[in-house]
1. What about Q70, is it farther than 25 Å from P162 by Cβ, among the polar types (S, T, N, Q) and within 13 Å of the ligand (Cβ to nearest atom)?
2. Please enumerate the residues belonging to the stretch 87-114 that are assigned to a loop (DSSP other than H, G, I, E, B), open to solvent by 50 Å² or more (accessible area, probe 1.4 Å) and within 14 Å of the ligand (Cβ to nearest atom).
3. Of the residues that sit in the stretch 38-66 and are outside any helix (DSSP H, G or I) and more than 20 Å from T168 (Cα to Cα), which one is farthest from the ligand (Cβ to nearest atom)?
4. Just give me the residues in the stretch 150-167 being over 22 Å from R122 (Cβ atoms) and either assigned to a loop (DSSP other than H, G, I, E, B) or in contact with a helix residue (DSSP H, G or I) (Cβ under 8 Å, 6 or more places away or on another chain) (or both), in sequence order.
5. For the stretch 172-208, give me each residue that is closer than 17 Å to D58 by Cβ, open to solvent by less than 30 Å² (accessible area, probe 1.4 Å) and either among the aliphatic types (A, V, I, L, M) or over 17 Å from the mean Cα position of the chain (by Cα) (or both).
6. Any residue in the stretch 159-172 that is more than 23 Å from M35 (Cβ to Cβ) and more than 16 Å from the ligand (Cβ to nearest atom)?
Amino acid sequence: MMRIVLLGQPGSGKGTQAQRLAAAQGIPRLTTGEMLRVAVRDGAPLGKDAKRYMERGDLVPDQLIVALMQERMGTADCARGYILDGFPRTRVQAEALDAMLTTVGAALQHVLLLEVDEAEIRRRLSGRRECPKCGSTFHLTAQPPKVAGVCDRCQTALVQRPDDQEATIARRLAVYVRETKPLIGYYEARGLLRRVTAPGGPDEVFRAISSLITMGP
Ligand code: AMP
C-alpha cells in the first residue's frame, strides 16, 4: 500500500515523476491540475468555476478541490493507494486530506519534496508543452517528443498551457511560496518529508525517489 504526496513548485517535475511512480507501483496518480483542465475543456460545472482562477495563476478555492478529491479518492482504483500530484496545496487541503485518511483508517507513507532552483523552474515552465488529450508532458529542448509538436503516446498536437506564459508563471511561483511552501514544515513535523534534490534529468530523479521510498522513513 503506497500513499504518496508529491510536493514542489510548479515545474519541479511532479507530473513526470507521478506518471513514472504510478506506472511502477501499479496505482493511479491523482493530478488535480489535469482533472481541472479536463473539467474546463469538457465545460463541466467544476471547470466553469475553476477556469478564472487557473487562468490568473491563482489557486482554485479549497472547498472545490477537497470535494473533487474526496470523490476521486473514494473510487475503487484508489483502494491500493495513489500518488497525489498537485494536492494538497494549502494548509486547509492538507488538513482535509488528514481527515479523509483518518476516516478510512489510512495514512500517508511519504511526502516527496522535489527541489529545483528558480532559474531552472522558469526554463522548464516556458518550454513545457502538453498533450491536451492524454496529459503527457514534454519540453521543447529537455524532453522533446519524437516528432516535433506531436504527442508520442496518442499523436495529438501538443499545446502550451495558458498558465505557462511568463506573467502567469511569476504569479504561480508567488502563490506557491505563500500557500504551498508552508506544507514543507507541516509534513516535516510529522516525519513524512523526504527531500529529493537530484539535479539531473528525470531518470536520475526517478532513481533517487525509488530508492527513498523503498528504504522507508
Ligand atoms: P498544475 O497543473 O498542478 O500546475 O495546476 C494548474 C492550476 O490548477 C493551478 O495553477 C491552480 O489554479 C489549479 N490547481 C491545481 N491543483 C490545485 C489545488 N490542489 N488547489 C487549488 N488549485 C489547484
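The values are calculated or read from the model by the stated rules, or taken from the named source; none is laboratory data. None of the values given here were measured: they were computed from a predicted structure. For neighbour counting, all protein chains shown are included, and Cβ atoms are generated from backbone atoms with ideal geometry for every residue, glycine included. Please note that ligands, DNA and RNA were not included when accessible areas were found on the heavy atoms of the full protein model with its side chains. Shrake-Rupley method; radii C 1.70, N 1.55, O 1.52, S 1.80 Å.
1. Values: farther than 25 Å from P162 by Cβ: yes; among the polar types (S, T, N, Q): yes; within 13 Å of the ligand (Cβ to nearest atom): yes.
For Q70, the condition - farther than 25 Å from P162 by Cβ, among the polar types (S, T, N, Q) and within 13 Å of the ligand (Cβ to nearest atom) - is met.
2. R89
3. G43
4. C151, D152, R153, C154, Q155, T156 - these are the residues of the stretch 150-167 that are over 22 Å from R122 (Cβ atoms) and either assigned to a loop (DSSP other than H, G, I, E, B) or in contact with a helix residue (DSSP H, G or I) (Cβ under 8 Å, 6 or more places away or on another chain) (or both).
5. Scanning the stretch 172-208 gives L173, V175.
6. Our first condition is that a residue be more than 23 Å from M35 (Cβ to Cβ); within the stretch 159-172, this holds for 166-167, 170.
With the extra rule that they be more than 16 Å from the ligand (Cβ to nearest atom), the set shrinks to none.
No, every residue in the stretch 159-172 fails to be more than 23 Å from M35 (Cβ to Cβ) and more than 16 Å from the ligand (Cβ to nearest atom).
Residues checked against (1) under 18 Å from the mean Cα position of the chain (by Cα); (2) modelled with pLDDT under 90:
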position: R124; (1), (2): yes, yes
position: R129; (1), (2): yes, no
position: C154; (1), (2): no, no
position: Q165; (1), (2): no, yes
position: I169; (1), (2): yes, no
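So that you can scan it fast, the table gives a plain yes or no per residue for (1) open to solvent by 40 Å² or more (accessible area, probe 1.4 Å); (2) at pLDDT below 95:
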{"position": "P132", "(1), (2)": "yes, yes"}
{"position": "P145", "(1), (2)": "no, no"}
{"position": "R161", "(1), (2)": "no, yes"}
{"position": "S211", "(1), (2)": "yes, yes"}
